[in-house]
Number of protein chains: 2
Amino acid sequence: MARLVSNHNPPSPARQGNMLHLKLARSIGERILGGTHAPGTLLPNEAEWGRIYGVSRTAVREAIKTLNGKGLLVSKPKVGSRVEPRERWNLLDRDVLAWHCHAMEPHAFLMSVQEVRKIFEPEIAALAAVKGTPSQIEALKTAFHGMKMAKSAAETVAPDVDFHQALLSAANNDLLRPFGIVIEAALANLFSYTSAHNPYPELSLKKHEAIVRAVSRRQVEGARRAVHSLLRDTDSTIETARLTKP
Amino acid sequence: MARLVSNHNPPSPARQGNMLHLKLARSIGERILGGTHAPGTLLPNEAEWGRIYGVSRTAVREAIKTLNGKGLLVSKPKVGSRVEPRERWNLLDRDVLAWHCHAMEPHAFLMSVQEVRKIFEPEIAALAAVKGTPSQIEALKTAFHGMKMAKSAAETVAPDVDFHQALLSAANNDLLRPFGIVIEAALANLFSYTSAHNPYPELSLKKHEAIVRAVSRRQVEGARRAVHSLLRDTDSTIETARLTKP
DNA sequence: CAACGATTATTTGTATGATAATTGTTTTCA
DNA sequence: TGAAAACAATTATCATACAAATAATCGTTG
């Protein structure tokens, strides 16, 4: 019987990963993202999954339904569940992204994440400078204050995520919001990758402050540039971590 | 008993919307996106959904699992299924986006879509010009050829979608791919909104050709500008449609 | 021999009923 | 008053049966 719990994964405090069909979905999802089941191939049928994991077909089916909904699988009677081509995968889904980065080189993952961030985050800031409401800008300031108050590098992560999410909210475009999980993944992985070894924490703080200032003064181009500057710093943090590691 | 099939929705040829739990998911999903069930509120419990639609609890549960996976709901024993706050919704999911635009003013939807496209697509073209492989650029040319061959405005939609998807593929970044459904939604809705009344079809063709040229010649800034120019044209097409309608 | 049509077998889809686990609420008791 | 225990409502899981869809097989026929 296969393992369902990944014991080397102690984060996500009190998050609901206890339920059986969720554990199944995670396990099967990781297999797919990890390449054990290639796109276009057929998965074991439901009864067999049940045998493999020692659970009922009901639980298997609910897991499969979850994966269907995320674009990883399509199921048809008499044929089974087939892995969809990668371009159908909903990689901007929270779970799928987690399974994906689980199956990638941390450095390669961070690079592709940074590529995406450099595309949209400066524009997010520009939109926020134009359309952000006073209360949204206040939330941005609050998150920044939280970053200043952090005692350790580990404590910086949460308010840092809040900061970027607040910026995203201030852009006031629903379609942009799913990209928030890219930011979450970026910061979480960045922290674990650099092992809390950020060479210039106070510099990062200054850059964030510049963003707050530009957005609250409605300086569109300034906001864009401030975010871009922060992301270039992040790039070099990643690079130094890569050089000092192997 | 509520209706499950929306008879005014004849598109999606041969797509699998026949299965009960999918119809349920769509129906409940549209209710949520439409605002019938506000974020933070509790849904009817599973047994009651079964009574409402006249189906078994099994089908209801599988529908709920699908919606869970898309971030619209969380379910807990003894409490029920609660609608998640909007920022958790996975709006870049194909189904969720369809339900979303179903519940919005077409014009407002197209505007927010265009906002997002103007952020991403120029940079996607730039990446394609840098990283696109010869075969990917060939696919771009093929799609363009398909647009030229189209006899009517309706026939243009499919190769147009192919064109932008090919561009997206050529960018070679998995995290950008889910963005493709935004393009699909944009073009499909654009067509139905403007009622095939594109004032300058040959102009659009020229703009697409400029994109092909820039990308295949590896002109990064040129590709960026060509896409931006196309999107400005799309903006004005939307605007003229808005003015001639009401 | 080829093409087509009925048959069969396999897999998912749906229904039903029962039991377990979880957790908000209420009651009881110190 | 407060904590512990009983309760109740709801989802979670299981087992089983049958229905529906369809790929594959096998005849049948032209």
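Rule-based calculations on the coordinates, nothing more; no lab input. This is a predicted model, so every value here is computed, not measured. Every residue, glycine among them, receives a Cβ derived from its backbone with ideal geometry; neighbour counts consider all protein chains shown.
Rounded, prolate or oblate: which one fits the protein assembly as shown, using the alpha carbon gyration tensor with axes a ≥ b ≥ c (rounded when a/c is under 1.5, else prolate when a/b beats b/c, else oblate)?
Rounded, because the longest to shortest axis ratio a/c is under 1.5.
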field: Lys/Arg +1, Asp/Glu -1 at C-beta; the protein assembly as shown dipole; positive extreme among A:ALA139, A:VAL212, B:SER192
entry: B:SER192
- line: Simple SL model, points at 7 angstrom along Cα→Cβ for A:ALA153 and A:ASN18; separation in nm is 3.4 nm
task: Counting only C-alpha contacts under 8 Å and six or more residues apart, can you give the relative contact order of segment A:71-167 as a whole percent?
output: 17 percent
query: Roughly speaking, what is the centre-to-centre gap between segment A:119-145 and segment A:153-168 when only Cα atoms are used, to the nearest Å?
result: 13 Å
- prompt: Using the Cβ atoms and a cut-off under 9 Å, what net charge is assigned to the surroundings of B:LEU72, where Lys and Arg are +1 and Asp and Glu are -1?
  reply: +1
- prompt: What is the distance, in nm, between label points placed 7 Å from the Cα along the Cα-to-Cβ direction at B:THR41 and at B:LEU203?
  reply: 4.5 nm
statement: Whole-Å distance linking the alpha carbon centroid of segment A:201-246 with that of segment A:65-90 is 39 Å
- request: Distance from a point 7 Å along Cα→Cβ of A:SER195 to each backbone N in segment A:226-246: keep the residues under 12 Å and list them by number.
  value: A:241-246
Angle in degrees between helix A:201-216 and the longest Cα principal axis of chain A, rounded to the nearest 10: 80 degrees
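Taking R0 as 25 Å, what FRET efficiency do you get between B:LYS141 and A:ARG82 from their Cβ-Cβ distance, rounded to the nearest 0.05?
Efficiency, from the Cβ-Cβ distance: 0.25.
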query: Can you list, shortest first in nanometers, how far B:SER152 lies from the same residue in the other copies, with each label 7 Å from Cα toward Cβ?
result: 6.7
- prompt: At A:GLU202, with labels set 7 Å past Cα in the Cβ direction, how many nm apart are the copies from this one, shortest first?
  reply: 6.6
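Around A:THR58, with a cut-off of 12 angstrom between Cβ atoms, what is the net charge of the other residues, counting Lys and Arg +1 and Asp and Glu -1?
Cβ neighbours under 12 Å give a net charge of +3.
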query: Other chains' Cβ within 10 Å of A:57-66 residues: what's the mean?
result: 4
message: Taking amide H atoms as placed 1.01 Å from N in the peptide plane, list the residues 5 or more away in sequence, or in a different chain, whose amide H sits under 5 Å from that of B:LEU73.
response: B:ASN68, B:GLU84
message: Given axes a ≥ b ≥ c from the Cα gyration tensor, I'd like to know whether segment A:170-246 is rounded (a/c under 1.5), prolate (a/b larger than b/c) or oblate.
response: oblate
field: Other copies of B:GLY34: label-to-label distances in nm, shortest first, labels 7 Å along the beta-carbon direction
entry: 4.3
- line: Note on chain A: contact order normalised by length, alpha-carbon pairs under 8 Å, 6 or more apart, percent, works out to 18 percent
message: Can you tell me the orientation of helix A:134-149 relative to chain A, as the angle in degrees between its alpha-carbon axis and the longest Cα principal axis, to the nearest 10?
response: 90 degrees
statement: Surrounding charge for A:ARG225, neighbours by C-beta under 11 angstrom, Lys/Arg +1, Asp/Glu -1, total +2
query: Taking square-rooted eigenvalues a ≥ b ≥ c of the alpha carbon gyration tensor, is segment A:119-169 rounded, prolate or oblate, where a/c under 1.5 means rounded and, failing that, a/b exceeding b/c means prolate?
result: oblate
field: C-alpha long axis of helix B:20-34 to longest principal axis of chain B, angle in °
entry: 80 degrees
